[in-house]
Amino acid sequence: MKLLHKTQKELLVLLKKNIEDPLTIRELQDILGISSPSVVYHHIRQLEKRGYLKRNPHNSKDYQILTEPENPIVYLNLYGMAQCGPNGSILDGNPEKRIPISSWLIKFPAEEAFLVEAKGDSMIPKIKEGDLVIVRKSNIAENKDTVICVYDSKALIKKFHRQGKQIILQSENESKFPPIIAEQENVRIEGIVKGLIQYS
């Protein structure tokens with residue numbers, strides 16, 4: 001915090017205080033008495049660069065405040081898309097590798113992140129075999145989320161839909177892979193896909 005500009009410290013306090021009902025850039029500008037929205041945005045970007053703030057690039061009201069700045073490089077566990085066994089988890093056991101990645105690429109706390117290497121072609125063209133998938137740990141998903149889950153002892157990457165007590169797991173490549181319809185107690189959500197590192 002010592003390295004932060006006075007306005008950035010005040011901005012951080014405001015963002016934290018209003019995280020449940022986020023303020024607009026204009027509201028932040030008015031409260032802080034800043035000359036223009038672009039100056040507010042500049043200070044927000046500085047908070048991001050210094051590791052105190054993480055924002056969803058697709059939703060300005062979705063952000064996380066970090067009490068301690070993250071290192072520029074973080075190491076994420078890489079798990080394989082392997083058989084998990086009855087009631088097993090993809091996160092059981094040891095990771096295959098620990099991969100260094102820029103914390104700037106992760107728009108949520110890095111401690112909640114892990115990686116999986118995509119297998120097969122069920123999610124093309126969105127996700128291809130060999131892509132590293134950035135996942136946020138969560139056992140809860142919303143309709144239309146792309147999730148990492150375990151079904152029938154298999155780790156899968158699928159689009160998630162809930163209909164009553166049933167879960168529908170859909171592939172992007174629907175012509176080749178029909179939807180899986182399962183009872184909710186038979187599907188274990190491991191995390192929500194938040195990004196990709198593609199090599200081709």
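In table form, for the structure just shown:
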| quantity | calculated |
| --- | --- |
| In the range 126-173, residue modelled with the lowest pLDDT [restricted to those that are more than 26 Å from Ile106 (Cβ to Cβ) and either in contact with a Ser or Thr (Cβ under 8 Å, 6 or more places away or on another chain) or among the acidic types (Asp, Glu) (or both)] | Asp152 |
| Criterion violated by Thr24 - all others in (1) surrounded by 14 or more Cβ atoms within 10 Å (Cβ to Cβ); (2) over 30 Å from Ile157 (Cβ atoms); (3) hydroxyl-bearing (Ser, Thr, Tyr) satisfied | (1) |
| Among the residues listed as Glu142, Glu112, the single one being of a type in the set (Asp, Glu) and exposed (fewer than 14 other Cβ atoms within 10 Å of the Cβ) | Glu142 |
| Those residues of the range 46-61 which are among the charged types (D, E, K, R) and loosely packed, with under 14 Cβ neighbours inside 10 Å, in sequence order | Lys49, Lys61 |
| Leading residue by the ranking (surrounded by the fewest Cβ atoms within 10 Å (Cβ to Cβ)) among those in the range 4-21 that are more than 10 Å from His43 (Cβ to Cβ) and either in contact with a Pro (Cβ under 9 Å, 6 or more places away or on another chain) or β-branched (Val, Ile, Thr) (or both) | Val13 |
| Qualifying position, being surrounded by fewer than 15 Cβ atoms within 10 Å (Cβ to Cβ) and more than 30 Å from Ser175 (Cβ to Cβ), among Pro72, Pro125 | Pro72 |
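The values are calculated or read from the model by the stated rules, or taken from the named source; none is laboratory data. Bear in mind the structure is a predicted one, so any value in this text is a computation, not a measurement. Here Cβ is always computed from backbone atoms with ideal geometry, including for glycine, and neighbour counts include all displayed protein chains.
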